[in-house]
Structures are given as C-alpha cells and as structure tokens.
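The values are calculated or read from the model by the stated rules, or taken from the named source; none is laboratory data. Just so you know, these numbers come straight off a predicted model, no measurement behind them. Every residue, glycine among them, receives a Cβ derived from its backbone with ideal geometry; neighbour counts consider all protein chains shown.
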Amino acid sequence: MTLRAECRMSGARAHTFLSRFLYVAVTAVLVQCGGKPVPEVTAGVDACANCNMIIDKVNEACGYVLDGEFVPFDSPVCLLKKYEQDRRSVSQPGAIYFADYETGRFVPADSTYFLLTRHIPTVMNGGVLCFTDKSAAESHRKYDDESITDWVGFRVLKGTPDRKIPVVVVPGGMEPGVITVDKGELIEWEFTGRGLETDERLSLKGYEEMGEVTVPASGEPVTRRMLAVRPGSGFAFIRVVDGKPLGVVKVMGAHTVEEEE
C-alpha cells in the first residue's frame, strides 16, 4: 500500500471517528435539553434533598422533577415536607416518583399505593411503604391500625394543612354559609355545633372522599381534612338525613393544565 493510500485511509478513519463523536455529543446535548429526567437514585451516593442524609435504601426512596432535574429523597415523609414548600414557590415540582418497596423500581405517584404502618421499620421512622400493586401492599398489611391509600390520601393524612377553617353548625344551616378556598390547598375543617338538639351528620357533595362528619350536639369540636383538588363554585355541605344544603364551598383555580398556563 502506498503512503498516499495510507494517508487517505487515515483521513477517512479520522473523519468517521469525528462524525461519530459529533453525533454522540449532539445527541447527548439534545437528550439533556429536551429529554425527560430519569428517576434514579444511587445507594450510598445520593443524599436526601430534605434531611441531607445519604440514601441507603433505594426501595424506600422517591423524588420529583424540579427545574428539569430529578430531586431525590430518602423517604416519602421527607419528600412530602419539601414538596409542600416547593409547590408554593415559583418553580413548582413536576412529575413525582416513588420506589416500589419490593422491586425498587420507580413509578409515578398516581400509580403508587401507600401503606401507612407503625409496625414495620422504615427510613426516618416515617411509617410509609410504597407499592405499585395494591395486592402487594395488602400482603404487607398485618394490623387493623394499618391503612392503604393513594397519593392524594397520603397528602391529606400526612401533610401540613395550609388553612384551618372553623365552621359553626346551627339548626338548618352553618356559619359562614359560603367558604372560598384555593385549588391545591390542604384544608383542616373544624366543625362545632351550636344550638343543636341532636348530633348533625354532614357530607360535602363533590368531595365524597372526605366522608360523613358527625357534629356533636354537645358543642365538642370535630376536625376533618380535605385536599382541594377539584375547582368549582357549587360544592354543598348537605345534611345527610334529608339532603338539605347547609352551606357552600367554592374552590378557586384552573380546571385544566392549559388554563394554568
């Protein structure tokens, strides 16, 4: 082979190598700029964004996307604490992921079942284990005081209320008669009876997950939580015995993602 031929081959190889290098580099930039952050935690390396402890149990870890980056946490309780802070900021958390307790695989929050327990050792003593499959969560539930819920239920039960709203239930009505809250707020209602001859049972139409509330005629206050996830101006507190409306709740906020933007 002549020297000129060898030079041509070397030049071709160099051109091929350079082309491939540029392709990989450009692809990496495109993925970094336009791709979705991958939920991933490295045990013994990554630290919790809330408590700063090194994460050593990936199957109890979790995280969410904030400003295009995946933010890791060592436990659901740590995530919830930081989530409540970040969701009130300008840059709000996006996709949320929890690791399946049995497999360690990360799944979206709306596909997660939360086992709330005081009988199984957990990271940060949070008492929360996450599962992709509800039957798997049920198989770990051994005691009557353990419960299984979804992401909304987890926030309601373990979150810190944004507002505490006192409501006085009187014969045939309630004070105030119209209550306005914002979409996304975690509300803690405090119901107190006044002038009631018997206990009054209430429910909030459109938020049936809150369940029935029994307001004692004795005047003893009773509390109940609600996450305002559905906006609207006609959610009525009704008297269970006859369906009579006693008051109205208005939830202010966008109905769709497009409206929020």
Item to check | First in segment 218-239 and closer than 19 Å to residue 252 by Cβ, second anywhere and of a type in the set (Ser, Thr, Tyr), Cβ under 6 Å, 6 or more apart | outcome: 226/207
Next on the checklist: Under 7 Å between Cβ atoms, which residue pairs at least 6 apart in sequence (or on different chains) link something in segment 70-91 that is within 14 Å of residue 106 (Cα to Cα) with a partner that is among the aliphatic types (A, V, I, L, M) and loosely packed, with under 13 Cβ neighbours inside 10 Å?
Outcome noted: 70/38
Item to check | Hits in segment 32-63 (condition: over 20 Å from residue 108 (Cβ atoms), modelled with pLDDT under 90 and surrounded by 11 or more Cβ atoms within 10 Å (Cβ to Cβ)) | outcome: none
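Yes or no: residue 70 assigned to a strand (DSSP E or B) and under 14 Å from the mean Cα position of the chain (by Cα)?
Answer is no for this residue.
If you check residue 219 against the conditions, is it surrounded by 14 or more Cβ atoms within 10 Å (Cβ to Cβ) and over 28 Å from residue 83 (Cα atoms)? Please lay out each step first, then the result.
Details: surrounded by 14 or more Cβ atoms within 10 Å (Cβ to Cβ): no; over 28 Å from residue 83 (Cα atoms): yes.
No, not satisfied.
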Item to check | In segment 118-143, the residues that are in a loop (DSSP other than H, G, I, E, B), crowded, with 16+ Cβ neighbours inside 10 Å and either over 18 Å from the mean Cα position of the chain (by Cα) or not assigned by TED's automatic domain parsing to the domain that holds residue 73 (or both) | outcome: 122, 141
Checklist outcome for this item: Only unsatisfied item for residue 208, checking (1) of a type in the set (D, E, K, R); (2) in contact (Cβ under 8 Å) with a residue 12 or more places away in the chain; (3) over 28 Å from residue 94 (Cβ atoms), is (2)
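Would you say residue 91 is within 16 Å of residue 55 (Cβ to Cβ), small (Gly, Ala, Ser) and over 12 Å from the mean Cα position of the chain (by Cα)?
Working: within 16 Å of residue 55 (Cβ to Cβ): no; small (Gly, Ala, Ser): yes; over 12 Å from the mean Cα position of the chain (by Cα): yes.
Criteria not met by residue 91.
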Item to check | In segment 102-144, the residues that are touching a His at 6+ places or on another chain (Cβ under 8 Å) and either of a type in the set (D, E, K, R) or touching a residue at least 40 places away in the same chain (Cβ under 8 Å) (or both) | outcome: 129, 142
